[in-house]
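K.L.:
Structure incoming, see below.
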Amino acid sequence: ILRLPDFRTATGKRHQLATILSITICAALCGARSYLAIAEWGARCTQSMLRRFRARYDGATKKFISPSEPTIRRVLQNIDGQIVDNALTGWLMSVTQKDANNLIAVDGKTLKGAKDGSGKQVHLLSAFLCNPGVVISQRKIDSKTNEIPEIKPLLAPLKIAGSIITADAMHTQTDTARFIVE
């Protein structure tokens, strides 16, 4: 179970944070690309699905209720994406990385068409667990730096002992090698 700090105040809180994020993730995996599309996807969920998402139960209508578009928008605009990413990384590691001698590929990519708040393209550094083929950690690279100082925070939460780490030539740094080996 993911444990995320809930930044919302108790006043007016009707949906669990995990419910909102679970519906958002599933909707995005199904192609939803806007707050409205996420809310519409949630509204189309069956009662059984909403129960599994632990959606709010309305005693008057005797139905589970999906979060509304404004609720989803407020949560996604205010949540710390790095905290969510770290929690998902921990969960992915617990269900995928069962033994040592894993191959982890580290690579950076600029996301086509994605821009940050200042209008600059988004660049991510990712750690990819080659078998079973999942991204297990990623970090946004600030436009004022490069990938080199970000590889340590990328790999720090992972259990890399006994793993083989591959990366671009730019990561052939003494400090990086020492961090991986030690």
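The values are calculated or read from the model by the stated rules, or taken from the named source; none is laboratory data. All values reported here derive from a predicted model rather than from experimental measurement. Positions of Cβ are backbone-derived with ideal geometry, glycine not excepted, and every protein chain shown enters the neighbour counts. Quick note on the areas: whole protein, heavy atoms, side chains included, nothing else; ligands and nucleic acids left out. Shrake-Rupley method; radii C 1.70, N 1.55, O 1.52, S 1.80 Å.
K.L.:
Mind listing whichever residues of the stretch 133-148 are within 21 Å of the chain's Cα centre (by Cα), surrounded by 12 or more Cβ atoms within 10 Å (Cβ to Cβ) and not polar (S, T, N, Q)?
P.N.:
Val134, Val135, Ile136, Arg139, Lys140, Ile141, Asp142, Glu147
K.L.:
For the stretch 44-91, how many residues are touching a strand residue (DSSP E or B) at 6+ places or on another chain (Cβ under 7 Å), of a type outside the set (Asp, Glu), open to solvent by less than 40 Å² (accessible area, probe 1.4 Å) and not in a loop (DSSP other than H, G, I, E, B)?
P.N.:
2
K.L.:
If you don't mind, another one. Please report, ordered by residue number, the strands (runs of 3 or more DSSP E) entirely within the stretch 119-173 with at least 3 residues that are among the hydrophobic types (A, V, I, L, M, F, W, C).
P.N.:
Details: elements: 121-129, 134-141, 164-166.
Hits in the stretch 119-173: 121-129, 134-141.
K.L.:
With respect to Ala114, determine if the residue is in contact with a helix residue (DSSP H, G or I) (Cβ under 6 Å, 6 or more places away or on another chain) and either closer than 27 Å to Arg52 by Cβ or outside any helix (DSSP H, G or I) (or both). Outline the logic, then answer.
P.N.:
Values: in contact with a helix residue (DSSP H, G or I) (Cβ under 6 Å, 6 or more places away or on another chain): no; either closer than 27 Å to Arg52 by Cβ or outside any helix (DSSP H, G or I) (or both): yes.
Considered against the rule, which asks whether it is in contact with a helix residue (DSSP H, G or I) (Cβ under 6 Å, 6 or more places away or on another chain) and either closer than 27 Å to Arg52 by Cβ or outside any helix (DSSP H, G or I) (or both), Ala114 comes out as no.
K.L.:
Would you pick out the residues in the stretch 30-43 that are open to solvent by less than 70 Å² (accessible area, probe 1.4 Å) and within 12 Å of Ser68 (Cα to Cα)? Spell out the reasoning first.
P.N.:
In the first step, residues of the stretch 30-43 are kept if they are open to solvent by less than 70 Å² (accessible area, probe 1.4 Å); the result is 31-32, 34, 37-39, 41-42.
Across the stretch 30-43, the qualifying residues are Ala37, Ile38, Ala39, Trp41, Gly42.
K.L.:
Can you list residue pairs whose Cβ atoms sit under 6 Å apart, with the first residue in the stretch 127-148 being closer than 17 Å to Ile160 by Cβ and the second being open to solvent by 70 Å² or more (accessible area, probe 1.4 Å) and of a type outside the set (Lys, Arg)? Count only pairs 6 or more apart in sequence or on different chains.
P.N.:
Cys130/Leu103; Val135/Phe128
K.L.:
Within the stretch 1-29, how many residues are open to solvent by 80 Å² or more (accessible area, probe 1.4 Å), within 16 Å of the chain's Cα centre (by Cα) and without any contact (Cβ under 8 Å) to a residue 40 or more places away in the chain?
P.N.:
2
K.L.:
I would also like to ask the following. Would you check which residues across the stretch 154-182 are open to solvent by 60 Å² or more (accessible area, probe 1.4 Å), more than 23 Å from Ile83 (Cβ to Cβ) and aliphatic (A, V, I, L, M) and list them?
P.N.:
Selection gives Ala161, Ile164, Ala169, Met170, Val181.
K.L.:
Can you tell me which of (1) modelled with pLDDT under 90; (2) of a type in the set (S, T, N, Q); (3) more than 25 Å from Lys144 (Cα to Cα) is the one Thr46 doesn't meet?
P.N.:
(1)
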